[in-house]
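Have a look at the structure below, then the notes.
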């Protein structure tokens, strides 16, 4: 295992999910006194693991199907477009 890659992915995903609607929904379920906190924790962890597995599988497929340079261009243009759209709507 590459510790640098592990740390990069962990920090990136952790910061992206912090305050995300997924975390807020999980907090609302846990705040309800009649819900078991361990059930909420287990269900939310399993859901996030399943979504991450789908992301890894999709990334593997895209990485095998699209040239890395093309993928970087598409991702870059996509992020710039989303940023421009966000600024435009602000």
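The values are calculated or read from the model by the stated rules, or taken from the named source; none is laboratory data. As the structure is a prediction and not an experimental result, all values here were calculated from the model. Cβ atoms come from the backbone with ideal geometry, glycine included; neighbour counts cover every protein chain shown.
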Please name all residue pairs, on different chains or six or more residues apart, with Cβ atoms under 9 Å, provided the first residue is in segment 3-18 and is at positive phi and assigned to a helix (DSSP H, G or I) and the second residue is surrounded by 10 or more Cβ atoms within 10 Å (Cβ to Cβ) and at pLDDT 90 or above.
-> none
Before we move on, is residue 86 surrounded by 11 or more Cβ atoms within 10 Å (Cβ to Cβ) and assigned to a helix (DSSP H, G or I)?
-> no
Taking segment 60-70 on its own, how many of its residues are part of a helix (DSSP H, G or I) and modelled with pLDDT of 90 or more?
-> 7
List, please: which pairs have Cβ atoms under 6 Å, are six or more places apart or on different chains, and start with a residue in segment 30-56 that is outside any helix (DSSP H, G or I) and end with one that is surrounded by 12 or more Cβ atoms within 10 Å (Cβ to Cβ)?
-> 35/29
Go through segment 33-50 and give me each residue that's surrounded by 11 or more Cβ atoms within 10 Å (Cβ to Cβ) and out of contact with any helix residue (DSSP H, G or I) (no Cβ under 6 Å at 6 or more places or on another chain).
-> 36, 39, 41, 42, 43, 45, 47, 48
